[in-house]
Amino acid sequence: MATDISASEAKSGGGLKRAVGGWLLFAFIVGDTLGAGIYTLVGTMAADVGGVIWLPLLIALVVALLTAGTYAELITKYPHAGGAARYVDRAFHIPYLSFLVGFLMMASGITTAAALANAFAGDYLAALIDVPAAPAAAVFIVLLTLINLRGVKESLSANFVAAIIEVSGLVIVIVVAAIAFGAGNGDPGRIFEFAPDVPPLQGAFAASVIAFFSFLGFEAAANMAEEVKNPSKNYPRALFGAIITAAVVYLLIAIGAVIVLPPAELAESSGPLLDVVAASGVGVPAWLFGIIALIAIANGALLFMVMASRVGYGLARSGLLPRAFGRVLPKRQTPWVSIVVVAGATIALSFLGDVSSLAETTVLLLLLVFLAANVSVLVLKKDKVEHSHFSVPRVVPILAIIASIVLLAQQSGAVWLGSLVYIAIGSVLFVIARLKRNSEVRSETAELQTIRDAGDAPGTNTDA
């Protein structure tokens, strides 16, 4: 007989507060998916495929939907914080592998937030106010951290407002492109023109890596499973609804942008959508669209920081990180230690990389995580739980594994090297954590043995 997850946890007590409903979760995923990727990386895709930007977006959409099916089953089957790390742990019972997957997930959130902090402090902010980029990025991260510390409901409520604003910006691009096309100022033939110096297939798969970055966000929601009301019902609806919503908006943006501006001009732009709005001749103030873009970038950064901090909390609860990461504020019920550590790492990383390289690194890290999740769901098919949950056919994760490997093959050696550095750092942290935990176990064992020895000493009244 199926049982309600929230009700059973309420009886047992403990854990994070379930404060997130279906619509708020939908807004979280849409807000995390729409925004920075499409606002900043349209030009990069145009450099690889010319005007056929819609093709890598469709490839990325297929990979995202396949892996989302896997996540929908795992999230609703095991609705606890920690995401892919907990699924791998349940499937293989190998502590190092579980930690590494969780660490890569946490690292991807930090890397993305750092990339978005740099994007925020770059050309978009410079169009409004002239301030040094590095301090601006640091202050930006600190402000987002304060929102994160305030609470998940407050963070997602801020996301809900920001998501409306950033979607309005994308709608503006779609509308002005349509107006320009209707006025005869665009060229629809460009949407079928590949980049002249890049083989079409090679360019499409290369651009699909960047396109996939634009869809990232759905996996972040897995780490908030413990804070969602009725996850078995709300997660699949919010997950697939958000991905399809993002895909429709992205395809309209890609087609509209290429119709208004030649792909070569998009490829050279650091603010491609801003240039599309300006070239349309509709008269939308540049400063207004710049503010909307900044809100979109800030929203994405906040949500990835929320995700990364929840991964740290989940790893701590699984015994794979020091217990301190599992500490929560008594009244706010937010994992404050994990939040502060994520903030510090994000600030440090924002000084080390640029938007493009950090985005590619994020994709590689998450593809490795997705591989682990897709293999885990196949292993866990035989595992039965008492409550109802979403389920996908076995062919879905198998296709997702193949698609992930294809995208991994498109990554450069430099990005692979950066990811190997992450793995090395994670391995060191794992060894340190395990040594500390083993030391604590030995200390507790010795203390228990001392108590037993004292109880067995001559003249001791063990019946007292």
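The values are calculated or read from the model by the stated rules, or taken from the named source; none is laboratory data. What you see is a predicted model, and the numbers here were worked out from it, not measured in a lab. Heads up, the Cβs are rebuilt from the backbone with ideal geometry, glycines too, and the neighbour counts pull from every protein chain shown. All accessible areas refer to the heavy atoms of the entire protein, side chains included, with ligands and DNA or RNA removed. Shrake-Rupley method; radii C 1.70, N 1.55, O 1.52, S 1.80 Å.
Worth pointing out:
- Single condition Ser439 does not satisfy, out of (1) assigned to a loop (DSSP other than H, G, I, E, B); (2) open to solvent by less than 80 Å² (accessible area, probe 1.4 Å); (3) free of Cβ contacts under 8 Å to residues at least 24 places away in the same chain: (1)
- Whenever a residue of segment 385-396 is under 14 Å from Phe240 (Cα atoms), its partners that are outside any loop (DSSP other than H, G, I, E, B), lying with C-beta atoms within less than 6 angstrom and at least six residues away or across chains, give the pairs Phe390/Ala72; Phe390/Glu73; Phe390/Thr76; Phe390/Pro236; Ser391/Glu73; Val392/Gly69; Val392/Glu73.
- Checking Ser388 against (1) at pLDDT 80 or above; (2) within 30 Å of Met45 (Cβ to Cβ), the condition it does not meet: (2)
- Residues in segment 141-187 that are of a type in the set (D, E, K, R) and modelled with pLDDT of 85 or more: Asp187 alone.
- Each residue in segment 345-368 was checked for being open to solvent by 40 Å² or more (accessible area, probe 1.4 Å), of a type outside the set (D, E, K, R) and in a loop (DSSP other than H, G, I, E, B), and 2 of them qualify.
- In segment 186-202, the qualifying residues are those that are in contact with a helix residue (DSSP H, G or I) (Cβ under 7 Å, 6 or more places away or on another chain) and farther than 28 Å from Ser412 by Cβ, and the one that is surrounded by the fewest Cβ atoms within 10 Å (Cβ to Cβ) is Pro188.
- The single condition among (1) within 21 Å of Ser214 (Cβ to Cβ); (2) buried (at least 24 other Cβ atoms within 10 Å of the Cβ) that Leu371 does not meet is (2).
- Against the conditions (1) of a type in the set (Gly, Ala, Ser); (2) at pLDDT below 90; (3) touching a Phe, Trp or Tyr at 6+ places or on another chain (Cβ under 7 Å); (4) crowded, with 22+ Cβ neighbours inside 10 Å, Ala68 satisfies every one except (2).
- Residue within segment 171-188 that is within 28 Å of Val406 (Cβ to Cβ), in contact (Cβ under 8 Å) with a residue 60 or more places away in the chain and assigned to a helix (DSSP H, G or I) present: no
- Residue match in segment 314-328 (condition: more than 18 Å from Ala433 (Cβ to Cβ) and either of a type outside the set (Lys, Arg) or without any contact (Cβ under 8 Å) to a residue 60 or more places away in the chain (or both)): yes
- Here Arg332 qualifies as at pLDDT below 90 and charged (D, E, K, R).
- Residue in segment 294-309 that is over 15 Å from the mean Cα position of the chain (by Cα), open to solvent by 10 Å² or more (accessible area, probe 1.4 Å) and over 20 Å from Ser108 (Cα atoms) present: yes
- Positions within segment 102-140 being farther than 30 Å from Leu273 by Cα and modelled with pLDDT of 90 or more, in sequence order: Leu104
- Check on Ile94, over 16 Å from Ala372 (Cα atoms) and open to solvent by 10 Å² or more (accessible area, probe 1.4 Å): no
- The single condition from (1) of a type outside the set (D, E, K, R); (2) assigned to a loop (DSSP other than H, G, I, E, B); (3) modelled with pLDDT under 90 that Pro393 fails is (3).
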